[in-house]
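Worksheet: one structure, shown below.
The values are calculated or read from the model by the stated rules, or taken from the named source; none is laboratory data. Predicted model, so just to flag it, every value in this text is computed and none were measured. So basically every Cβ, Gly included, is an ideal-geometry build from the backbone, and we count neighbours across all protein chains shown. What goes into the accessible areas is simple: the full protein's heavy atoms, side chains included, and nothing from ligands, DNA or RNA. Shrake-Rupley method; radii C 1.70, N 1.55, O 1.52, S 1.80 Å.
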Protein chains: 2
Amino acid sequence: MPWSACSARRGACWLAGGADADVVVSSRVRLARNLCGYPFLSRATPGQRQEVIAAVRARLASTPLAQGLLWVDVQELSTLDRLLLVERHLMSKELAKGDLPRGLAVGLPDEQMTIMVNEEDHLRVQVLRPGLALHEAWQGASDIDDQLEGGLDMAFSPRFGYLTACPTNVGTGVRMSVMLHLPALRLTGEIDKVKRAAADMGMSVRGFYGEGSEATGDFFQLSNQRTLGRAEQVILRELASEIIPKVAEYERAARQALLSRRARFLEDTICRALGLLRHARLLTPQEAMGNLSLVRLGTLLGVLGGEAPGLEPHAVTQLLVQVQQGHLQKLADRPMDQQQRREFRAELVRGRLK
Amino acid sequence: MPWSACSARRGACWLAGGADADVVVSSRVRLARNLCGYPFLSRATPGQRQEVIAAVRARLASTPLAQGLLWVDVQELSTLDRLLLVERHLMSKELAKGDLPRGLAVGLPDEQMTIMVNEEDHLRVQVLRPGLALHEAWQGASDIDDQLEGGLDMAFSPRFGYLTACPTNVGTGVRMSVMLHLPALRLTGEIDKVKRAAADMGMSVRGFYGEGSEATGDFFQLSNQRTLGRAEQVILRELASEIIPKVAEYERAARQALLSRRARFLEDTICRALGLLRHARLLTPQEAMGNLSLVRLGTLLGVLGGEAPGLEPHAVTQLLVQVQQGHLQKLADRPMDQQQRREFRAELVRGRLK
């Protein structure tokens, strides 16, 4: 995977810029699809898995998508390369596991489009965009879907919609999500209220690394739960025009409240985070994430003007991805144990934040 | 008290340099004396207190000690001036309290000699020296004692020795103590063992501010407990030649062990402390003391060479005194509430450690 070391150095472009980037780090649309004529993967033989891969690759090759598309046989990747792809949000932990035939197509060079083959479903199409851009991400995913369906028969029921391995995805098969940065709501103690409100509106709230991961460093993935009986446009409108703007508004209000009523506490908290990152010689991933989150907030609120004049929020966000252990080992170009990673992580962060 | 603001800016000269200053910050000898013909202070009338003061001042005036000696009527001092003197270790909390006639003589400009009048005893003579210098401090205190006794009758029993208000001081009336900086013993978890061993040898171990104060920032006052039936020279030899060198040896061994076996942990711990002090916008006294202690260790071990090349241990030790609330208000030349002090403390420390 020769591009991987290069990617590790570059960060991830879906993390830089975009609309409402002060709160919405990135947007993602994922479609779950399965091919007619093949059993769901829990019942598929290795041979059938290979056939699914062959059919998908053949179809991809005959579409304009083939341009710049990298194919990866995941079962042949090293543990480190798998880790890197998971950390870059290009594939799921689930796809990374095991040795059965499975694959990943990545749209290079921007890595904003991926297709996982033989994950939970035969196909998982994913489009990532920086900032709040669910419409664009949806349009992108929908275009890919059209290209694929032009030559592949998808399992579809007129009554239920797209059929998927897990009933929670049946229907549209669509999951739309955004990565939110909500540090002020945590500092003001309102984050749990907002999370409960999101859950009440049928949203799920997960951590930086999706299902099963704790929210780390005040980054949360918010996504729709229901896929059945609701048109994509309805889900899209609800998320992009109602729920996310409302959460963003709460976060911005919390930031303003801190700035106007607890300015010194806020500055102290953020400057301490910067001080720790600039001076530590050993850094755990949790410490790095938690403190980078506060420094990102500082760059957004102009609190760090005196301490780190040129520091941009997206440079901090990139570091969030790069401090992960797979990225570190790619950057160092050597395998490292936990202690070595903590040293190298601290060195990397120090160098960037000086 | 016009010299006080100036003193606050200067720090305390008994904190800079001296023998074994890597571990022994300062040495102190205190003598307790009472005048014949006056009751102990618990039974003395205000008039008798005034007479004691008058007798002491008259005697002082007729000796060479009068040169450079400042007299302070403590009961007339502001709360802030009292606080400043306590923080500078020039008088006890006990002397600072209350409005009965009491006084303090301070040897200017170096503030290494003080005489408290009407504290627990009629007279408390104190000599401070930087580093391990108990012999010199003892000699200094003894000289003052000789000068005083040349014109004042002290309460003395041929059987018990000097008589004092509290039986624990009867005999020599001498308390010899050193301020030790033992950060490595805390980091290696051996500090409690050393404190127990010191107690077993008849020593008392107290905090930075003496009796009743918790040890703060790894600074401990170690002093003799017994005054009865033991000659000053015996106490002196035991402390200066046996106990203190042994504790210093333990601390140095712990520092070397950390340097050779846990170098990265040590560097991380110390650099984080420096990072916090350089970046915080609000600092409590405890945080300041705790982190300054680690930074002092860093300057002694050369761990901060890359981060703070010119920083000297004694500059850090001075800050330990100056971050106290009385000093801060003198430096700022205005009264400050807790929040204002935390801000000003952070500003002061940031400025010094940049």
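Quick check on the stretch B:263-352: take the gyration tensor over C-alpha atoms, sort the square-rooted eigenvalues as a ≥ b ≥ c, and tell me if it's rounded (a/c under 1.5), prolate or oblate. Cα axes put the stretch B:263-352 in the prolate bin. Would you mind telling me which residue in B:Phe40, B:Phe160, B:Phe344 has the biggest mean-square fluctuation in a Gaussian network model of chain B, where springs connect alpha carbons within a distance under 10 angstrom? Of B:Phe40, B:Phe160, B:Phe344, the most mobile in the Gaussian network model is B:Phe160.
Taking a ≥ b ≥ c as the square roots of the Cα gyration tensor eigenvalues, the protein assembly as shown comes out prolate, since a/c reaches at least 1.5 and a/b is larger than b/c. Whole angstrom only: what separates the Cα centroid of the stretch B:248-307 from the Cα centroid of the stretch B:71-126? What the calculation gives is 34 Å, centre to centre. A:Gly302 sits among other residues whose Cβ lies under 13 Å from its own Cβ, and their net charge, with Lys and Arg +1 and Asp and Glu -1, is -2.
Dividing the summed helix terms, -39500 (n - 2.57) for each DSSP H run of n ≥ 4, by the number of residues in chain A produces a 222 nm estimate of -14000 deg cm²/dmol to the nearest 500.
Label chain A by shape, choosing from rounded, prolate and oblate, from the square roots a ≥ b ≥ c of the eigenvalues of the Cα gyration tensor; if a/c is under 1.5 it is rounded, and otherwise prolate applies when a/b is larger than b/c, oblate when it is not. Here chain A falls in the oblate category. Ignoring aspartates and glutamates fewer than eight residues from A:Lys354 along the same chain, the ones with Cα atoms less than 14 angstrom from its Cα are A:Glu307, A:Glu312, B:Glu307. Of the cross-linked pairs B:Lys195/B:Lys330; B:Lys93/B:Lys195; B:Lys93/B:Lys246, those separated by over 28 Å at the C-alpha level are B:Lys195/B:Lys330; B:Lys93/B:Lys246. Modelled spin labels at A:Asp146 and A:Gln225, positioned 7 Å past Cα toward Cβ, are 3.3 nm from each other.
Under a model in which nothing but the beta-carbon of Lys, Arg (+1) and Asp, Glu (-1) is charged, the protein assembly as shown shows a dipole of about 160 debye around its Cα centre. The listed residues A:Tyr250, B:Tyr162, once ranked by accessible area (1.4 Å probe) with the largest placed first, stand as A:Tyr250, B:Tyr162. The residue of chain A whose Cβ sits closest to the rotation axis that maps A onto B, together with that distance in whole Å, is A:Gly275, 2.
Normalised by the number of residues in the stretch B:5-255, the average gap of Cα pairs under 8 Å and 6 or more apart makes the relative contact order 25 percent. Averaged over residues, the count of other Cβ atoms within 10 Å places the peptides A:315-322, B:148-155 in the sequence A:315-322, B:148-155, highest first. Hey, can you grab everything whose amide H is under 5 Å from the amide H of A:Val25? Only 5+ residues off in sequence or another chain; H modelled, so Pro and N-termini drop out. Amide H neighbours of A:Val25, under 5 Å, 5+ apart: A:Met179, A:Leu180, A:His181. Backbone phi angles across the stretch A:76-82, fed through the Karplus curve with coefficients 6.51, -1.76 and 1.60 (θ = phi - 60°), yield HN-Hα couplings of 9, 6, 5, 4, 5, 5, 4 Hz in residue order; Gly and Pro are listed as x.
Ligands, DNA and RNA aside, A:Cys36 has an accessible area near 60 Å² when probed at 1.4 Å. The order of the peptides A:117-127, A:332-342 by mean Cβ neighbours within 10 Å, most packed first, is A:117-127, A:332-342.
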